[in-house]
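Trainee: Pasting a structure below so you can have a look.
The values are calculated or read from the model by the stated rules, or taken from the named source; none is laboratory data. Everything quoted here is computed from the prediction, not taken from an experiment. As a convention, Cβ positions derive from the backbone with ideal geometry for all residues, glycine included, and neighbour counts pool all protein chains shown.
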Amino acid sequence: MDPDMTPNILLAVVVAVLVAAGVYLMLERSLTRIIIGIILASNGINVLFLIAGGAAGGPPIVGQTDAAEMSDPLPQALVLTAIVITLGITAFVLAMAYRSWQLNRHDEVQDDLEDRRIARIAAANGAIFADDDSGDVGGDLDEDAAVARDETGGVRRR
């Protein structure tokens, strides 16, 4: 086995910790924690790409570096692409968090009425494929919307 191609165990642990912490934070309901989770997970994946690229080598320019000593440019291109995608997703979620803060004074993601209706059907062991919109499943969606409360205790604005 080539010693230049063996990954550093410390970097592998860093990848595992970053991705695990990122996934844990993305499962929260706060948009701020989701943003931090996206950033952590994407940085972990970027480090994983660099580990997969192997040892550093010379610039991949024909004639300047021997073919056996050239570094692989693909992982570097993938990392740059991942950075741009992460930036776009982070900007989008930041805009959602800011808008949520403007409207509700918190950034908690709440269940909508359709989620509550599906939860009622599941609790009653009802068939999901049946046409439950025409029947009564325990309340009218308009009534549910009128009495919907903010789960964080704030006042709901319209």
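Residue-by-condition table, conditions (1) outside the structural domain of M26 (by TED's automatic domain parsing); (2) of a type in the set (S, T, N, Q); (3) within 21 Å of L27 (Cα to Cα); (4) surrounded by 16 or more Cβ atoms within 10 Å (Cβ to Cβ):
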{"site": "I38", "(1), (2), (3), (4)": "no, no, yes, yes"}
{"site": "S42", "(1), (2), (3), (4)": "no, yes, yes, yes"}
{"site": "I45", "(1), (2), (3), (4)": "no, no, yes, yes"}
{"site": "L48", "(1), (2), (3), (4)": "no, no, no, yes"}
{"site": "P59", "(1), (2), (3), (4)": "no, no, no, no"}
{"site": "D66", "(1), (2), (3), (4)": "no, no, no, no"}
{"site": "L94", "(1), (2), (3), (4)": "no, no, yes, no"}
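Trainee: For the range 61-107, which positions are in contact with a strand residue (DSSP E or B) (Cβ under 6 Å, 6 or more places away or on another chain) and either within 18 Å of N43 (Cα to Cα) or touching a residue at least 12 places away in the same chain (Cβ under 8 Å) (or both)? Walk me through it before giving the result.
Mentor: First, the residues of the range 61-107 that are in contact with a strand residue (DSSP E or B) (Cβ under 6 Å, 6 or more places away or on another chain): 65, 69-70, 107.
Passing the criteria: E69, M70, D107.
Trainee: Among the residues of the range 56-81, which ones are of a type in the set (V, I, T) and touching a Pro at 6+ places or on another chain (Cβ under 7 Å)? Reasoning before the result, please.
Mentor: So the first thing to find is which residues in the range 56-81 are of a type in the set (V, I, T), and the list is 61-62, 65, 79, 81.
Across the range 56-81, the qualifying residue is only T65.
Residues checked against (1) among the hydrophobic types (A, V, I, L, M, F, W, C); (2) without any contact (Cβ under 8 Å) to a residue 12 or more places away in the chain:
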position: P7; (1), (2): no, no
position: L11; (1), (2): yes, no
position: V17; (1), (2): yes, no
position: V23; (1), (2): yes, no
position: R29; (1), (2): no, no
position: R33; (1), (2): no, yes
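Trainee: Here's another thing I want to ask about it. Looking at (1) at pLDDT 95 or above; (2) surrounded by fewer than 16 Cβ atoms within 10 Å (Cβ to Cβ); (3) under 23 Å from D107 (Cα atoms), which one does V84 not meet, given that it meets all the others?
Mentor: V84 satisfies every listed condition except (3).
Trainee: Right, A56: at pLDDT 75 or above and in a loop (DSSP other than H, G, I, E, B) or not?
Mentor: Details: at pLDDT 75 or above: yes; in a loop (DSSP other than H, G, I, E, B): yes.
Spelling it out, A56 is indeed at pLDDT 75 or above and in a loop (DSSP other than H, G, I, E, B).
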